[in-house]
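Trainee: Sharing a structure, written as structure tokens. Questions coming.
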Amino acid sequence: MCMRFSFLKCSALTSIAVLSLAGCEPPQNDVTNPAGGDETVGVVDSSVNAHFEGLAASSLGGPFERLTAEELDGFLVGQEDFEEIEEVDEGLGPVFNEAGCVVCHDNPVGGTTNRVETRFGRLVNGVFDPMTSAGGSLIQDQGIGAVGGDPPTHVFNAEVVPADATIRASRITQPLFGLGLVDAVPDEAFVRLARLQARKTPRTAGTVSMVFDIASGGMRVGKFGWKAQVPTLHQFSGDAYLNEMGITSPEFPDESCPNGDCAALAFNPRPDLQDDGEAIDNFTNFMSLLAPPDRGRRTIEVLKGGLIFAEIGCADCHTPVLVSGASPVAALSKKAFAPFSDFLLHDMGSLGDGIVQGSATGRQIRTQPLWGLRHRTALLHDGRAATVTDAIRAHDGQGRSARSRFAQLSHRSRSAMLAFLKSL
């Protein structure tokens, strides 16, 4: 039987640790309390270190330690579904990107293969048009082919970017490690963090992404995806099942029309609802209980590099520490964790991809978490950067000032900061 956790249906609020020091150990510093306003209410003490040490799995791609037997079973069942390769008779397609979650999220399971996907659109009188009538804005680059016998009654081909599209953007898949902790942070915490940034660092302040939450029927804070366009891991699972594999479920019951040709769906070999929601719950359990990456070796140079990271303004957006809210899963409940992201939208200028999603403009991108950075081989939303230095140098818009300060660092200081980033 599928296990379902209701992480965000709790009344308890959380704290966000907004640290001015981004070193390898959480220092004594201010903590803001979203329930009680933006004033300082305490410090991050040495007990936070114990939280960090207990969060990571024994190996990357594993579950949190000290799960209950039921929780571990939910993780393993979810992982099995996550690794399953779907077939056409199971509902795959009729257009899709890959036949299984693991195809894009591997190395290890839950990570990323740096698989590149394409989005497109155009500007009409200065307004973004996702070209839904042409199948936009996400390309499904595979089709299930001929259906309906011999000769076939229809052939489902891969989608193509329409000739009249003026915007084309590449996106690489992201690792999923530790996202259950992010899902467990209450919406109010991100709203408070955005307010705090607006007051203390207005030039680089982030914007909360407000998106539609299918489960509640209302607006929620978006946290997942390059544009923070998805509010919960459960919705993220259903969205991916439909848009990446073409499999429908209760929250996403309608197939994507191949390149906008909805009449072609009359030939869909599986027009019924292809998943009753169980697989979506299983995917959610797997991602929720997938432990975050552990930290690399912590040296004096790494500690110094963390100070420099904060001094030049990187920590203004790459918030070092967040604290989850109350959860029925002990591993996720009221835990300090270090994603190095505020999960807010920021105007990145020329680094923006031109695609509008949810409340994100074409110039805005959600701050990418830096935990697990040392395991990544392609950086930025389109994978253009092969090194951390390349990624920093590509920053623009609200990231331009930090980029400029990085360029002005001495060789020794720059080396220390890079050592810090490579320890994440």
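Trainee: So how far apart, in nm, are the two label points at D73 and V191 if each is 7 Å from Cα heading toward Cβ?
Mentor: Placing both labels 7 Å beyond Cα along the Cβ direction yields 3.8 nm.
Trainee: Report, in debye and to the nearest 20, how large the dipole of the chain comes out about its Cα centre when Lys and Arg carry +1 and Asp and Glu carry -1 on their Cβ.
Mentor: 2820
Trainee: Taking amide H atoms as placed 1.01 Å from N in the peptide plane, list the residues 5 or more away in sequence, or in a different chain, whose amide H sits under 5 Å from that of M210.
Mentor: The list, which skips near neighbours in sequence, is G222, S359.
Trainee: So how do E90, E244 line up by other beta-carbon neighbours within 10 Å, fewest first?
Mentor: E90, E244
Trainee: Related question: Can you tell me how region 347-400 classifies by the Cα gyration tensor, rounded, prolate or oblate, using a/c under 1.5 as the rounded cut?
Mentor: prolate
Trainee: Compute the distance in nm between two label points, each set 7 Å from the Cα along the Cα-to-Cβ direction, one at D150 and one at R400.
Mentor: My value for the distance between the label points is 6.3 nm.
Trainee: Let me ask you something else. Report the dimensions of region 298-372 along its three principal axes from the alpha-carbon atoms, largest first, rounded to Å.
Mentor: The Cα atoms of region 298-372 stretch 39, 37, 18 Å along their principal axes.
Trainee: Ok, one more. Going out from 0 in 20 Å bins, what whole percent of all Cα-Cα distances in the chain drops into each bin?
Mentor: 26, 58, 16, 1
Trainee: Bin by bin, in steps of 5 Å, what percent of the Cα pairs in region 94-225 do you find, going until the bin that has the longest distance?
Mentor: All Cα pairs considered, the percentages come to 2, 8, 11, 12, 15, 18, 16, 9, 4, 2, 1, 1, 0, 0.
Trainee: Based on other C-beta atoms within 10 Å, arrange M131, M219, M417 from fewest to most.
Mentor: Going from sparsest to densest Cβ surroundings: M219, M131, M417.
Trainee: Relative to the first principal axis of the alpha-carbon coordinates of the chain, what is the inclination of helix 69-83, with its axis defined by its Cα atoms, in degrees from 0 to 90 and to the nearest 10?
Mentor: Value to nearest ten degrees: 50.
Trainee: What FRET efficiency would be calculated for the residue pair A215, A263, taking the C-beta separation as r and a Förster radius of 25 Å, to the nearest 0.05?
Mentor: 0.20
Trainee: Just to confirm the filter: which trypsin sites (Lys or Arg not before Pro) across region 271-371 are DSSP coil and have at most 13 other Cβ within 10 angstrom of their Cβ?
Mentor: Answer in residue order: R297.
Trainee: Determine the principal axes of the Cα atoms in region 294-424, then give the extent along each, sorted from largest to smallest and rounded to whole angstroms.
Mentor: Here the spans come out as 46, 42, 25 Å, largest first.
Trainee: Let me check against my output: what whole-number percent is the relative contact order of the chain, with C-alpha pairs under 8 Å and at least 6 apart?
Mentor: Relative contact order for the chain comes out at 22 percent.
Trainee: What's the whole-number percent of alpha carbon pairs in region 243-358 lying beyond 21 angstrom?
Mentor: That tail contains 65 percent of the Cα-Cα pairs.
Trainee: Evaluate the distance, in nm, between pseudo-label points positioned 7 Å from the Cα of Q408 and of R297 along their respective Cα→Cβ axes.
Mentor: 3.3
Trainee: If you average the sequence gap of Cα pairs under 8 Å that are 6 or more apart and divide by the length of region 160-292, what percent do you get for the contact order?
Mentor: 25 percent.
Trainee: May I pose another question? Per residue of region 324-332, in order, report the coupling 6.51 cos²θ - 1.76 cosθ + 1.60 (Karplus, θ = phi - 60°) as ³J(HN,Hα) in whole Hz, putting x for Gly and Pro.
Mentor: For region 324-332, the Karplus-derived couplings read 6, x, 5, 8, x, 9, 4, 5, 10 Hz, x marking Gly and Pro.
Trainee: Still on this structure, please answer the following. Relative contact order, percent, of region 159-222 when contacts are C-alpha pairs under 8 Å separated by at least 6 residues?
Mentor: Averaging sequence separation for qualifying contacts and normalising by length gives 19 percent for region 159-222.
Trainee: Of I167, S216, G148, which is farthest along the charge dipole of the chain in the positive direction, counting Lys and Arg as +1 and Asp and Glu as -1 at C-beta?
Mentor: Sorting the options by dipole projection puts first I167.
Trainee: Further, regarding this structure: Please list, by residue number, everything in region 336-373 whose backbone N is under 19 Å from a paramagnetic label point 7 Å out along Cα→Cβ of N107.
Mentor: Within reach of a label on N107, which here means backbone N under 19 Å from a point 7 Å along Cα→Cβ, region 336-373 contributes 369-373.
Trainee: Something else now. For a quick protection proxy, order the peptides 401-410, 314-323 by their average other-Cβ count within 10 Å, most packed first.
Mentor: Going from most to least packed, we get 314-323, 401-410.
Trainee: Evaluate the charge dipole of region 319-374 about its Cα centre and quote only its size in Debye, nearest 20, assuming +1 on the Cβ of each Lys and Arg and -1 on the Cβ of each Asp and Glu.
Mentor: In total the dipole reaches around 220 debye.
Trainee: Dipole size in debye (nearest 20) for region 213-260 around its Cα centre, Lys and Arg Cβ +1, Asp and Glu Cβ -1?
Mentor: 260
A short reminder: the numbers here are calculations on the coordinates, not readings from a lab. On a predicted model such as this, the values are computed, not experimentally measured, just so you know. Counting neighbours? That spans all protein chains shown, and the Cβs are built from the backbone with ideal geometry, glycine included.
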